[in-house]
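The values are calculated or read from the model by the stated rules, or taken from the named source; none is laboratory data. Source: prediction; values computed, not measured. Cβ placement follows ideal geometry from the backbone for every residue including glycine, while neighbour counts extend to all protein chains displayed. Accessible surface areas use protein heavy atoms only, side chains included; no ligands, DNA or RNA. Shrake-Rupley method; radii C 1.70, N 1.55, O 1.52, S 1.80 Å.
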Amino acid sequence: MTDAIGVVSRVNGPVVHARGSMQVRMGELVGVGEDHLVGEVIGLNNDIMTIQVYEETSGLTPGSPVFGTGAPLSVELAPGLLGGIFDGIQRPLTVIEAKFGEFINRGIQLPSLDREKKWHFVPSAAVGDSLEGGATLGSVQETILVNTKTMLPPDVKGRLAWLAPEGDYTIEETIARLDDAGQQREVSMLQRWPVRFPRPIKERLEKNTPLITGQRILDSFFPIVKGGTAAIPGGFGTGKTITQHQIAKWADADIVVYIGCGERGNEITEVLQEFPKLIDPRNGRPLIERTVIIANTSNMQVAARDASIYTGITMAEYFRDMGFAVAIMADSTSRWAEAMREISGRLGEMPAQEGYPAYLSSRLAEFYERAGRTRNLNDTEGSVTVIGAVSPPGGDFSEPVTQLTKQYTRVFWALDKSLAAARHFPSINWLTSYSEYIDSVSNWWRSHTNQDWRSIRARAMELLTEEDHLNQIVRLVGPDALPDEQRLVLETAHLLTTGFLQQNALDPVDTYAFPEKQIAMLKLILRFHERAEAIVKHGAVITDVQKLPVIHDLLRMKADVPNDNLALLDKIGQDLEEQMDKLEARYK
Amino acid sequence: MSMTRTGGKIVRGLSKVEGPLVVVEGIGTAGFDEIVEVTDPSGQKRLGKVLEAAEDFAVLEIFSGTSGLSLQDTQVMFLGEPLHIPVSTEMLGRVFNSLGQPIDGYPAPLADKFNDINGQVINPVSRLYPEEYLATGVSAIDALNTLVIGQKLPIFTGAGLPHDRLAAQIVRQASIGQPVGEDGGADIGNFSIIFAAMGVKHDVATFFQEEFTRSGAFGRVAMFLNLADDPAIERLLTPRAALTLAEYLAFERGQHVLVVMLDLTNYCEALRQISNKRGEVPARKGFPGYMYSDLASLYERTGKIRNTPGSVTQIPILTMPNDDITHPVPDVSGYITEGQIVLSRGLYQQDVYPPISVLPSLSRLMKDGIGKDKTRGDHPNLASQLYAAYAHVQDVRSLASVIGEDELTEIDQKYLAFGRAFEKRFLNQDYNENRSIETTLNLGWELVSILPRNELIRLSKEQLDQYYRPAA
């Protein structure tokens, strides 16, 4: 960043116009002013360039120089990402604190990843082989939990002339030399990739493995697949962030990229404080070891929200290229859309709906389409699952961001204000939510739990739908007016909603449920209904059923039965049969 | 005290005046966001700032309005930096305008230093997660929507509701929370209070001033007043000036600071006025799309950071126009703040004070501020049970309004009794009543004991054994 390529002619918040070189390129990263504020060229008109600046422009004056870099906005990809926390343009926040204190100043220029730290590289490629872009050279045990691959950048290929022996290297040291048709190429562990371009793959693959989150309403009712896309829309206070945190904590992904986009500072702090302490139930390691955090809080520069989304998804693709299942959470995509709206307004563009630019739709589409399960350049198979929170104004789902997001995602977890007000969490409405992956994951459930998940789920949904219908009558005439068979439906639906769908994120047992536990719980509740229905048909009154002690057990089993002692559910099953037998005997 | 510490470039004459906005030409190098001092033809000075800086012109926003300015004889001096206000511990016990100038008739306090009113962004890595509760002595808050030190928890209210009294009561009673069974708690000298009034009526400002004096708190209160008849644009500065002092006291002087800001709806209307004059494309109800970022730049100036014992806790108060919680001001606020305390007209009409509608209220940080070693071990489950039971009361009431109370099942009748007791005994308390957390929790148990034990599925067996005491 040495050559001045232009001179600032106008400053309007994060939008800066500069007069200068005709050689500057669209999307080029530039330094604005003497402080080298980070900016990106977003428009060119004769000798005037429009720059979106990712830092506070307070005090910037016309006449200040603009410096070119010749490169587009890119992220650094190498060992050192995992466990790290970065801002929207990948500046390392921990290093910033160590060097500059508790407040973030402007014009901080630091490498994103540690240049001094040595990583233990284990080579695996064979010298003499002809390698294509993306090929695996070796690996680095980046955290105890995650062994990352060292790959050729996608655009480098050739015959491997030399590969570094096993040993400790910094990310900039040369670890391989290639001969590409006579041209020598040196490769280090560090590669850069322009964030606005998806990393190349060989092909897209079918998606049929669920991303298990341990959250019952998600896994059992509205599943998402590895490589799939989901939207979580909800008004404030409905639990978007808690749901995102729960997924980030418990999802069976290899790598989690968490983007706090325009949200609260304390929420990021919570993640930072909690994740090093939380232990992954599957491997006993702290969750932070598989997590990358991008933090662009609501009071940070607005344009950097846009960058944070792209920075996050590019990192996710990098880990996918190693063959990992990656889950990326963006909280909240509405703040990103609002950032686009603000920049667009300052550019004087003609707005489409509610002030949002017309290209909002295509930006959202491009983002969600970077999800998928893929065969990578090095023939590994990986996936990127994208889960985007949406914050509709007034909780109204008809607003543009929710509607457009719905178009490009295949799972819709609709958060409901009235459930949240009754402290029913997760407040995901089971009647308006949907998943388009039900068919895709049925086989997985069959082979992993030996149960016909598909029809069990269908039966439970049927009861819940019927309850909704019956409730409309109850609201008019009271429950006593219903025949006992229908009152039983209400009773079973209560077991489903309170005993199964409601899940307490703060309870040490209830916070996470294995798929085996989920399906066993569902079966117990449905068995309850089946037995009770037969008995009621024989003339038993509903109040006799309501007095059965097993109901309390069915309501409490979520928190009373730990994942590692599912035999307790069998015990509840036995009690259920015995109590039903007894009741049945009275009416035979 | 002088605002003009650095002399700067001077321009004579304006090219356009429209509402609070002024365009000047021929300056060349005005800095974005820098402060200007405008001298009108009669020699009066007023401040403004640069909203847009270009080579050949600059757009200025004049804080105290543009009336009296002329195109020809007005002079603009560019001061070369964003607005700074003086800060010092001596500002406690004093009253200021939005620019930090004293308006109580006494000389300006000695400035320790001058700080930028825009503050600086706290690095999220440097924040300490708030998990120490702040006892307010109000049951509905302490038990169900616990306020945590370093939290921003607004009061969403409606015109005519007693939010002023509630805010004054909280300020008077606030103390650092202690677990049940430990002494202390009443250590009221810990808090400094910053009060920012934006577009507030004279009566209301006087009420607070008198309340602070009556309770003996005035010596640790600094008030920043922009009253209803003060220039609207200055409202954009009031909370920033107040928060600048709050941050100084918290992060440079290690104090706990409670900031009460009132009324954010007036603030947002001033924001809309400027946006409208600039011809910006509005988002909802004419409010600018950047209102979220702008409010975040206020609300996020809250919290605790490493390396200092101090904290900033915010209680912003905002009026929901027409009691509508989906109006852009409460809506955008709710997305940024860490919960909300919602006041209800229905409860107020039934003479319940404070009329806190608990179902739409929420404290996001409560979960880490309560429980064993913080308040009492049963607190989280008890709060959850009270919520669930009171939510069910609403269903029972709507059913009762259709089929009549007599037709309700025995259990539902008990829920109705619970609902009445909850409102009359738990929510309702005297303006001068400071309930300890123990009193509040025990009262909660008295209420749930109205219900049959097997209805209480959110409480553990051990908790029920220890505290559940049904009336014989």
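For region A:381-434, what class follows from the C-alpha gyration tensor (a ≥ b ≥ c being the square roots of its eigenvalues): rounded when a/c is under 1.5, otherwise prolate if a/b is larger than b/c, else oblate?
Oblate, since a/c reaches 1.5 and b/c is not below a/b.
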Item to complete: Can you grab the distance from the C-alpha centre of region B:285-305 to the C-alpha centre of region B:345-378, Å, no decimals?
Response: 25 Å
Worksheet item: the protein assembly as shown: percent of C-alpha pairs farther apart than 51 Å?
Response: 26 percent
Discussion item. Please report the net charge: other residues with Cβ closer than 15 Å to the Cβ of residue B:406, K and R +1, D and E -1.
Written reply: -3
Worksheet entry | Label-to-label distance, nm, for residues given as residue A:285 and residue B:471 (7 Å Cα→Cβ offset) | 5.9 nm
Worksheet item: Say the cut-off is 32 Å between C-alpha atoms; which of A:277/B:424; B:49/B:201; A:406/A:547; A:118/A:249; A:202/A:240 go over it?
Response: A:277/B:424; A:406/A:547; A:202/A:240
Discussion item. For a bin width of 10 Å, list the pair-distance distribution of region B:264-360 built from all Cα-Cα distances, rounded to whole %.
Written reply: 14, 39, 29, 16, 3
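Compare A:342, A:436, B:462 by solvent-accessible area with a 1.4 Å probe and give them largest first, with all protein chains kept in place.
B:462, A:436, A:342
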Worksheet item: Among B:114, B:156, what's the order by accessible area (1.4 angstrom probe), most exposed first?
Response: B:114, B:156
Worksheet, complete the sentence: So residue A:352 and residue A:103, fully extended at 0.36 nm per residue minus their Cα-Cα distance, gain in nm 85.9 nm
Practice prompt. State, in square angstrom and to the nearest 100, the accessible area buried between chains B and A, both chains counted, probe radius 1.4 Å.
Written response: 5900 Å²
Item to complete: Please identify every one of the trypsin sites (Lys or Arg not before Pro) in region B:296-354 that sits in a loop by DSSP and has no more than 14 other beta carbons within 10 Å of its own beta carbon.
Response: B:306
Worksheet item: In angstroms, what radius of gyration and Dmax does region A:114-189 have, counting Cα atoms only?
Response: 12.0, 40
Worksheet item: By DSSP, what percent of the beta bridges with both residues in the protein assembly as shown are antiparallel, rounded to the nearest 5?
Response: 65 percent
Fill in: Formal net charge of residues neighbouring residue A:464 (Cβ-Cβ distance under 15 Å; K, R +1; D, E -1)
-3
Worksheet entry | Those residues of region A:293-316 for which accessible area with every protein chain present is at least 50 Å² below the isolated value (1.4 Å probe) | A:298, A:299
Worksheet entry | Relative contact order, percent, region B:85-368 [alpha-carbon distance under 8 Å, six or more residues apart] | 27 percent
Practice prompt. May I ask for the distance between the Cα centers of region B:125-141 and region A:1-62, given as a whole number of Å?
Written response: 43 Å
Item to complete: Pick out, in residue order, every one of the trypsin sites (Lys or Arg not before Pro) in region A:88-140 that is DSSP loop and has at most 15 other C-beta atoms within 10 Å; say none if there are none.
Response: A:115, A:117, A:118
Worksheet entry | Extension gain, residue B:401 back to residue B:420 (0.36 nm per residue minus Cα-Cα distance, nm) | 5.3 nm
Worksheet item: If one computes the Cα centroid of region A:338-393 and of region A:421-473, what distance in Å separates the two points?
Response: 29 Å
Response to the item:
Here the net charge surrounding residue A:169, from other residues whose Cβ is less than 12 Å away from its Cβ (Lys, Arg +1; Asp, Glu -1), is -2
Worksheet item: Can you give the accessible area of residue B:468, probe radius 1.4 Å, in Å² rounded to 10?
Response: 30 Å²
Discussion item. How large is the convex hull of the C-alpha atoms of chain A per residue, in Å³?
Written reply: 157 Å³
Item to complete: At q = 0.11, 0.14, 0.17, 0.23 Å⁻¹, what is the base-10 log of I(q)/I(0) for region B:153-269 according to the Debye formula with one equal point scatterer per Cα and no solvent? Please give it to two decimals.
Response: -0.38, -0.61, -0.88, -1.42
Worksheet entry | Accessible area per residue in Å² at 1.4 Å probe, computed on the protein assembly as shown | 36 Å²
Discussion item. Cα atoms only: what Rg and Dmax, in Å, come out for region A:203-438?
Written reply: 16.9, 53
Worksheet item: Between residue B:101 and residue A:398, what FRET efficiency follows from the Cβ-Cβ distance if R0 is 56 Å, with the result rounded to 0.05?
Response: 0.75
Worksheet item: Simple spin-label model, 7 Å along Cα-to-Cβ: residue A:3 to residue A:118 in nm?
Response: 3.8 nm
Worksheet item: Taking only DSSP H segments of four or more residues, each worth -39500 (n - 2.57), what value at 222 nm results for chain B once the sum is divided by all its residues, to the nearest 500 deg cm²/dmol?
Response: -8500 deg cm²/dmol
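Mind running the shape call on region A:270-357? Use the C-alpha gyration tensor, a ≥ b ≥ c as the square roots of the eigenvalues: rounded below 1.5 for a/c, prolate if a/b tops b/c, oblate otherwise.
Because a/c hits 1.5 or more and a/b exceeds b/c, region A:270-357 counts as prolate.
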Worksheet item: In debye to the nearest 20, how big a dipole does chain A give about its Cα centre with +1 on each Lys and Arg Cβ and -1 on each Asp and Glu Cβ?
Response: 400 debye
Item to complete: Considering only protein heavy atoms, with the full assembly of protein chains and a 1.4 angstrom probe, order B:84, B:379 by accessible area, largest first.
Response: B:84, B:379
Discussion item. So if I take the alpha carbon set of region B:2-112, get Rg, then get Rh from the Kirkwood formula, what is the Rg over Rh ratio?
Written reply: 1.01
Worksheet item: Fully extended, how many nm does the chain gain between residue A:25 and residue A:141 (0.36 nm per residue separation, minus their Cα-Cα distance)?
Response: 37.9 nm
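Please go through the residue pairs A:523/A:588; A:207/A:523; B:304/B:374; A:117/B:304; A:417/B:414 and name each one whose alpha carbons sit more than 24 Å apart in this structure.
A:523/A:588; A:207/A:523; A:117/B:304; A:417/B:414
Inside 10 Å of the C-beta atoms of A:353-365, what's the mean count of C-beta atoms belonging to other chains?
1
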Fill in: Cα shape, region B:379-467, gyration tensor, a/c 1.5 rule
oblate
Worksheet item: Of all the accessible heavy-atom surface of chain A, with the other protein chains kept in place and a 1.4 Å probe, what percent is carbon and sulfur?
Response: 50 percent
Worksheet item: If each of residue A:466 and residue B:12 carries a label point 7 Å out from its Cα toward its Cβ, how far apart are those two points in nm?
Response: 9.0 nm
Worksheet item: Of the beta bridges DSSP finds with both residues in chain A, what % are antiparallel, to the nearest 5?
Response: 70 percent
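Please pull out the direction-averaged projected area of chain B, using the convex hull of its alpha-carbon atoms, in nm² to one decimal place.
The Cα convex hull of chain B, projected and averaged over all directions, gives 24.7 nm².
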Discussion item. Taking 2.2 N^0.38 Å as the expected size of a compact globular protein, what ratio does the Cα radius of gyration of region A:4-72 give against it, to two decimals?
Written reply: 0.91
Worksheet item: Which of the residues in region B:41-72 show a loss of at least 20 Å² in accessible area from their chain by itself to the complete set of protein chains, at a probe of 1.4 Å?
Response: B:52, B:53, B:54, B:55
Item to complete: Indicate the residues belonging to region B:119-153 that lose 20 Å² or more of solvent-accessible heavy-atom surface (probe 1.4 Å) upon moving from the chain alone to the assembly of all protein chains, ignoring ligands and nucleic acids.
Response: B:120, B:121, B:122, B:123, B:124, B:125, B:126, B:127, B:129
Discussion item. With a 1.4 Å probe and all protein chains left in place, how much of the accessible area of region B:379-467 comes from carbon and sulfur atoms, in whole percent?
Written reply: 46 percent
